[in-house]
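Q: Structure in structure tokens, see below.
All of the numbers you see were taken from the coordinates with simple rules; none came from a lab. None of these values were measured; they are calculated from a predicted model. Cβ placement follows ideal geometry from the backbone for every residue including glycine, while neighbour counts extend to all protein chains displayed.
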Amino acid sequence: MSEKKKDEILHDHNHDGIDRRGFLKCMAWAGTGAFCVIQGGVLKSYSLSRLPEPGSKEAMGELSFVQISDSHMGFNKPANPDVAGTLKAAVDKINGLSAAPEFMLHTGDISHLSKPEEFDTVDQILKSAKPKDVFYVPGEHDVLNDDGKQFLERYGKGSKGGGWYSFDKKGVHFVGLVNVMNLKAGGLGTLGHDQLEWLEDDVKHLKSSTPIVVFAHIPLWSVYPEWGWGTEDSAQALAYLKKFGSVTVLNGHIHQTMQKVEGNVTFHTAASTAFPQPAPGKADSPGPMKVPAEQLKSVLGITDVNYVQGQHALAVVDSSLA
Amino acid sequence: MRRSVFTACLGATLMLGMGALGVIQKSFVASAQQKMESMEVKIDNFTFGPAALTVPVGTTVTWTNKDDIPHTVVSTDEPKAFKSKVLDTDEKFSFTFSKAGSYPYFCSIHPKMTGKVIVQ
């Protein structure tokens with residue numbers, strides 16, 4: 001009997017229903033628009049076109065949400081002259097998912113120039129998304145000119161300090177972090193002492209079996225420091241999360257999907273809904289990357305995340321807009 | 001030489017001389033003006049160009065954003081010597097350096113972008 005065909009978990013070191021080889025295989029499927037769910041210790045994959053009925057216990061995890069990022073409303077250069085149009089396409093994609101996500105995370109750079117009308121336009125477009133609740137963290141483009149005052153007024157209710165907060169959904173603990181304020185010359189993203197202290201306290205009393213999802217704009221791992229793609233003090237934050245069996249880190253900022261698994265932590269960056277950026281080091285600078293118009297939607301995308309209660313690892317699937 | 005020719009020559013020489021003086025004067029004034037005119041820094045490809053700029057006291061430096069992404073020009077000193085608003089493509093920021101010194105700055109949106117103005 002061929003083990004390979006059955007995709008059974010062979011080495012479940014963390015006893016969380018997933019092994020590294022299986023997880024990486026799942027990630028590879030993600031590029032083809034596959035959908036992975038971990039159920040009863042076995043990875044099952046479904047292609048998006050063959051998903052079982054919505055709400056069927058067989059296919060759907062218990063918690064489903066979507067991450068979008070870097071909508072850059074107000075950007076109008078050749079890399080994408082219609083960022084409102086591509087954001088609408090992302091909403092259509094979300095509305096077309098057979099397991100309707102419960103809510104959305106926006107990992108920042110909502111606006112391009114922190115202008116009120118840019119935020120208004122995004123709010124308007126997202127109103128037509130089926131998931132009504134949206135949780136935001138700011139990107140550096142959202143806190144221009146006013147040290148984030150406008151962002152906090154719009155999206156920061158109930159948040160602490162520079163806009164950090166946490167909430168729980170179906171036993172999963174979500175933490176929104178802000179790493180785009182008080183940036184220092186020559187530096188990377190930064191969380192700062194106050195936020196780190198808050199984080200330590202926030203997760204201190206949680207059981208180590210609680211799945212954690214951390215979301216922040218700039219990657220919390222060192223993707224490419226030369227381009228500022230990293231966070232100076234993220235190691236401290238991750239130290240506070242070391243005890244947890246499942247930590248999923250969702251970031252944006254780099255306008256391309258990237259993932260890394262390190263022990264119990266899965267790092268994942270989302271595509272932008274506005275424009276792509278070059279792969280690390282593949283261009284002079286990390287600016288907007290022009291692609292032929294007919295290819296644009298294929299390099300923009302959303303991220304769908306599913307969690308099955310009882311299994312600790314989350315299934316994270318990217319799908320492009322075309 | 002005939003007197004009239006002499007006069008004409010003298011006149012021509014004088015006029016040439018004065019013309020030359022005038023040109024010299026103009027160029028003197030022009031170079032002095034250039035010293036007090038704007039010195040330019042071009043922002044493009046996530047870089048300040050030139051990254052290090054030396055200017056005499058009293059110079060106005062103008063940064064122009066030629067990149068397709070917004071940038072800022074913010075002094076790294078505390079208190080900040082200067083701080084631009086967000087500059088979108090083709091927008092400019094100017095600052096007149098009235099005191100000698102070294103003025104490091106960066107883009108507060110993309111902090112890896114750094115530059116320096118040295119005022120002598």
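Q: Hey, with R₀ at 41 Å, roughly what FRET efficiency would B:GLU91 and A:SER209 work out to, going by the Cβ-Cβ distance, to 0.05?
A: Working: r = 52 Å, r/R0 = 1.27.
It comes out at approximately 0.20.
Q: Mind jotting down the distance between the C-alpha centroids of region A:235-253 and region A:204-231, whole Å?
A: 5
Q: I've got another one for you. From the phi of every residue in region A:202-215, what ³J(HN,Hα) in whole Hz does the Karplus formula 6.51 cos²θ - 1.76 cosθ + 1.60 yield, where θ is phi - 60° and glycine or proline is x?
A: Per residue, the Karplus-derived 3J(HN,Hα) values read 5, 9, 3, 9, 7, 5, 5, 8, 6, x, 10, 10, 10, 10 Hz.
Q: In addition: Could you put A:ILE302, A:ILE125, B:ILE109, A:ILE218 in order, starting from the residue whose Cβ has the fewest other Cβ atoms within 10 Å?
A: Details: A:ILE302 24, A:ILE125 18, B:ILE109 21, A:ILE218 30.
Ascending Cβ contact count within 10 Å gives the list A:ILE125, B:ILE109, A:ILE302, A:ILE218.
Q: Same structure again: Along region A:226-232, what does the Karplus equation 6.51 cos²θ - 1.76 cosθ + 1.60 (θ = phi - 60°) give for ³J(HN,Hα), rounded to whole Hz, x for Gly and Pro?
A: Calculated HN-Hα couplings, in order: 4, 9, x, 8, x, 10, 4 Hz.
Q: Taking the number of other C-beta atoms within 10 Å as the exposure measure, put B:LEU53, A:LEU206 in order starting with the fewest.
A: Numbers: B:LEU53 19, A:LEU206 16.
Ordered from fewest to most neighbouring Cβ atoms within 10 Å, B:LEU53, A:LEU206 come out as A:LEU206, B:LEU53.
Q: Which cross-chain or sequence-distant (5 or more) residues have an amide H under 5 Å from the amide H of A:MET258, H modelled 1.01 Å from N in plane?
A: A:THR269
Q: Mind checking which of A:LEU199, A:HIS217, A:VAL178 is farthest towards the positive end of region A:172-322's charge dipole, using Cβ charges of +1 (Lys, Arg) and -1 (Asp, Glu) about the Cα centre?
A: Working it through, the farthest residue towards the positive pole turns out to be A:HIS217.
Q: Given R₀ = 51 Å, FRET efficiency for A:LYS184-A:ASN95 by Cβ-Cβ distance, to 0.05?
A: Working: r = 41 Å, r/R0 = 0.81.
Using R0 = 51 Å, I get an efficiency of 0.80.
Q: Quick one: which of A:LYS130/A:LYS170; A:LYS130/A:LYS260; A:LYS157/A:LYS207; A:LYS184/A:LYS243 span more than 23 angstrom between C-alpha atoms?
A: Values: A:LYS130/A:LYS170 19 Å; A:LYS130/A:LYS260 30 Å; A:LYS157/A:LYS207 27 Å; A:LYS184/A:LYS243 31 Å.
The answer is A:LYS130/A:LYS260; A:LYS157/A:LYS207; A:LYS184/A:LYS243.
Q: So how strong a dipole does region A:192-242 carry about its Cα centre when Lys and Arg Cβ are +1 and Asp and Glu Cβ are -1, to the nearest 20 debye? Please list the in-between numbers first.
A: Details: 3 positive and 8 negative charges, 70 e Å.
The dipole of region A:192-242 has a size of about 340 debye.
Q: Now for a different question. By the scheme Lys and Arg +1, Asp and Glu -1, what is the net charge of all other residues having a beta-carbon under 12 Å from that of A:LEU188? Don't jump to the answer; show the numbers that get you there.
A: Details: positive: A:LYS184, B:LYS112; negative: A:GLU140, A:GLU226, A:GLU232, A:ASP233.
Spelling it out: positives minus negatives among the neighbours equals -2.
Q: Next question, about the same structure. About the Cα centre, and with charges only on the beta carbon of Lys, Arg (+1) and Asp, Glu (-1), how big is the dipole of region B:37-119? Nearest 20 debye, please.
A: Details: 9 positive and 10 negative charges, 58 e Å.
Computed charge dipole of region B:37-119: roughly 280 debye.
Q: Same structure, new question: Report the net charge of residues surrounding A:SER166, where surrounding means a beta-carbon distance below 10 angstrom and charges are Lys +1, Arg +1, Asp -1, Glu -1.
A: Details: positive: A:LYS160; negative: A:ASP168, A:ASP202.
Summing Lys and Arg as +1 and Asp and Glu as -1 gives -1.
Q: Now a separate question. Within the set A:LYS132/B:LYS85; A:LYS93/A:LYS242; A:LYS93/B:LYS92; A:LYS77/B:LYS83; A:LYS242/A:LYS282; A:LYS149/B:LYS83, which residue pairs have Cα atoms separated by over 29 Å? Walk me through the intermediate numbers first.
A: Details: A:LYS132/B:LYS85 34 Å; A:LYS93/A:LYS242 35 Å; A:LYS93/B:LYS92 39 Å; A:LYS77/B:LYS83 25 Å; A:LYS242/A:LYS282 33 Å; A:LYS149/B:LYS83 18 Å.
Exceeds cut-off: A:LYS132/B:LYS85; A:LYS93/A:LYS242; A:LYS93/B:LYS92; A:LYS242/A:LYS282.
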